[in-house]
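One structure is given below, encoded as structure tokens.
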Amino acid sequence: MTTSMPEQLQPSPNRLRILQINLNKSEKAHLDLLNGPLGTRWDIVLLQEPHITKFNTIRTPMRFRQVYPADRWKDGAVVRSAIWVNTEINTKSWKIIKIPGTNDITAIQMQGPYGNLAIFNVYNSCTHSLTESILRRHLRDNANDLWQGQDQHMLWCGDFNRHHPLWDRDEDTHLFTADAIRKADHFIELLSDHDMEMVLPKGVPTLQHMRTKRYSRPDNVFCSSQLTQMVIRCDVDARARPTKTDHFPIITILELPQERIKPKPTYDFRMADWKDVLENLSIRLTEIPDPAPLRDDTSFQQAVKDLTEAIQDTVRTRVKLKKPVPQSRRWWNSDLDEMRKDLNKLSSVSYRY
């Protein structure tokens, strides 16, 4: 029995599918995410606290382009934010927003019939408000390009590390300390200044602490008020949580048309029967004029044309086409596919109870 992809996650030119997840700097969590069906399900992946290799790089899946913070190469810099953009999204329809002075924010601006959409991927420390200050300053200095105007939209996603009764569960009173409320009030003021609304429903936990097993809501999703009517879905997918991270993935689906590029089928030379190919090519070569001295440009061009057509005709008739695979992995097999389905089911049951 195979499990079909939910209708809302099906590729669509009129929908923008966004996944956000905090990987807790875990290599195992990062690799678990890489080996999932990213290319077929998601247009944009927003990472907080990704795993950084010893070469100071972030592993990126096939068919995705990576967006790093502007200051990633500074000495001692710790990258806590990164974005993956599906290669099917036309590169002419989006650009990187550079935000200097931080490695905790990455951003891109999408363009389409709807106007402009600035997507901010934020990691906000629980010990200070420096990231908030940098975000506030950047929005102030680039107001005309990012959020002022009827066709300018914003989406803020990330691990904001702020607790407040507006989004946390009412029973989690232990989170509402005086210091936590004070920090959250500053963040709420920033949201109000830019007319941002919360689209992830109140009370939905986004983290389960590894030791205490308590739930909380440090992650969130906010969008500009005129964008809320375009939100089809915004919720947590607990069954897709990677191993070794205490954060749950958050899914956001927007009804926004976006220009895409469909990869074309290619010839599968790797699996071709080369004995048959060479035999057919030998036959085709006997059908063109025998080699002879080329004394003028006309004879040269004709010889090139005959040889090219013979090779191309052989490829067309003897080599099969293969469809582009979003994430090809030579070592993957059907047993691993079934094990991943079982893991997702168990994760879903665990979250439910």
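The values are calculated or read from the model by the stated rules, or taken from the named source; none is laboratory data. Predicted model only: the values in this text are computed from it and were never measured. Glycine also receives a Cβ, built like all others from the backbone with ideal geometry; neighbour counts cover every protein chain displayed.
Within region 219-261, take every residue that is at pLDDT below 95 and among the small types (Gly, Ala, Ser) and give me the one that is nearest to the chain's Cα centre (by Cα). Ranking the qualifying residues of region 219-261, first place goes to Ala240. Which residues, taken from region 101-110, are in a loop (DSSP other than H, G, I, E, B) and either charged (D, E, K, R) or more than 20 Å from Ile52 (Cα to Cα) (or both)? Passing the criteria: only Asp104. Just one of (1) crowded, with 16+ Cβ neighbours inside 10 Å; (2) in a loop (DSSP other than H, G, I, E, B) fails for Gly203. It is (1).
No other residue among Asp179, Asp151, Asp145 is farther than 29 Å from Leu256 by Cβ and either without any contact (Cβ under 8 Å) to a residue 60 or more places away in the chain or in contact with a Gly (Cβ under 8 Å, 6 or more places away or on another chain) (or both) apart from Asp179. Scanning region 71-112 for residues that are among the aromatic types (Phe, Trp, Tyr) and free of Cβ contacts under 8 Å to residues at least 24 places away in the same chain yields Trp73, Trp94. Scanning region 266-283 for residues that are of a type outside the set (A, V, I, L, M, F, W, C), under 47 Å from the mean Cα position of the chain (by Cα) and part of a helix (DSSP H, G or I) yields Arg270, Lys275, Asp276, Glu279, Asn280. Does Trp167 satisfy the condition of being surrounded by 12 or more Cβ atoms within 10 Å (Cβ to Cβ) and more than 18 Å from Tyr123 (Cα to Cα)? No: the conditions fail for Trp167. The listed residues are Glu287, Glu338, Glu259, Glu309, and the only one of them that is surrounded by 15 or more Cβ atoms within 10 Å (Cβ to Cβ), not aromatic (Phe, Trp, Tyr) and not assigned by TED's automatic domain parsing to the domain that holds Gln111 turns out to be Glu259.
Examine region 177-197 for a residue that is under 24 Å from Trp84 (Cβ atoms), at pLDDT 95 or above and either in contact with a Cys (Cβ under 6 Å, 6 or more places away or on another chain) or assigned by TED's automatic domain parsing to the domain that holds Thr245 (or both), and state whether such a residue exists. So far as region 177-197 goes, yes, one or more of its residues are under 24 Å from Trp84 (Cβ atoms), at pLDDT 95 or above and either in contact with a Cys (Cβ under 6 Å, 6 or more places away or on another chain) or assigned by TED's automatic domain parsing to the domain that holds Thr245 (or both).
For Val236, the conditions (1) over 30 Å from Leu23 (Cα atoms); (2) surrounded by 13 or more Cβ atoms within 10 Å (Cβ to Cβ); (3) among the hydrophobic types (A, V, I, L, M, F, W, C) all hold with the exception of (1). Return yes when Pro50 is touching a His at 6+ places or on another chain (Cβ under 7 Å), in a loop (DSSP other than H, G, I, E, B) and in the same structural domain as Ala82 (by TED's automatic domain parsing) and no when it is not. Taking the combined requirement at face value, the residue satisfies it. Filtering region 206-229 to residues that are in a loop (DSSP other than H, G, I, E, B) and either under 19 Å from Val122 (Cβ atoms) or of a type in the set (D, E, K, R) (or both) leaves Thr206, Arg211, Lys213, Arg214, Arg217, Pro218.
Residues that are in a strand (DSSP E or B) and free of Cβ contacts under 8 Å to residues at least 60 places away in the same chain do not occur anywhere in region 21-34.
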